[in-house]
Amino acid sequence: MPSTPLTLNLIEGSVSFSFSPQSAQELKLALAELIERLKAVAAKPTPGGSKPAPQRPVEYRYTGEVFLEIFCNPNIWPTPFAAKVLLTIRDASIRLTTEAELTRVIEDVNQYLEQVG
């Protein structure tokens, strides 16, 4: 049974590829972790206190018909709404590396899960 393709909307254009609902759930969890790290970085320092502790980058990898990698360093974005992720999608014949808006990727994954749910 072929899986429903996941479509990710990029800053310019979009990309669709075969993806499983289970992998989409794992991606959703990784994106939620990223949001929490971005919120920790965006937290205002306490008066007389120190800056928030630097957060580790979030990296998600999926290997199926295509290889998908999503990477984001939460320390360089002022808010979760401004954040972008580095997106790499490749298979035997093509490789795409680009940026995508984090909020749009979250929306796309949620929409995919609604379609397959």
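The values are calculated or read from the model by the stated rules, or taken from the named source; none is laboratory data. Quick caveat: nothing in here was measured; it's all calculated off a predicted structure. Note that each Cβ is placed from the backbone with ideal geometry, even for glycine, and that neighbours are counted across all protein chains shown.
Quick rundown of the values:
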| read-out | value |
| --- | --- |
| Members of the stretch 58-117 that are surrounded by 15 or more Cβ atoms within 10 Å (Cβ to Cβ), among the charged types (D, E, K, R) and part of a helix (DSSP H, G or I) | ARG104, ASP108 |
| From GLY64, GLY49, residue being out of contact with any helix residue (DSSP H, G or I) (no Cβ under 6 Å at 6 or more places or on another chain), at pLDDT below 95 and within 20 Å of VAL109 (Cα to Cα) | GLY64 |
| Residues located in the stretch 9-30, provided they are in contact with a strand residue (DSSP E or B) (Cβ under 8 Å, 6 or more places away or on another chain), in contact (Cβ under 8 Å) with a residue 60 or more places away in the chain and part of a helix (DSSP H, G or I) | ALA24, LEU27 |
| Hits in the stretch 108-117 - residues which are within 13 Å of ILE35 (Cβ to Cβ) and not aliphatic (A, V, I, L, M) | ASN110 |
| Given (1) farther than 14 Å from ALA30 by Cβ; (2) touching a Cys at 6+ places or on another chain (Cβ under 7 Å), number of the condition TYR112 does not satisfy | (2) |
| Test set (1) without any contact (Cβ under 8 Å) to a residue 12 or more places away in the chain; (2) of a type outside the set (Lys, Arg); (3) touching a Pro at 6+ places or on another chain (Cβ under 6 Å) - ILE35 fails condition number | (1) |
| Check on LEU6, closer than 18 Å to GLN111 by Cβ and not in a loop (DSSP other than H, G, I, E, B) | yes |
| Scan of the stretch 16-42 for residues that are of a type in the set (Val, Ile, Thr) and modelled with pLDDT under 95, ordered by number | VAL41 |
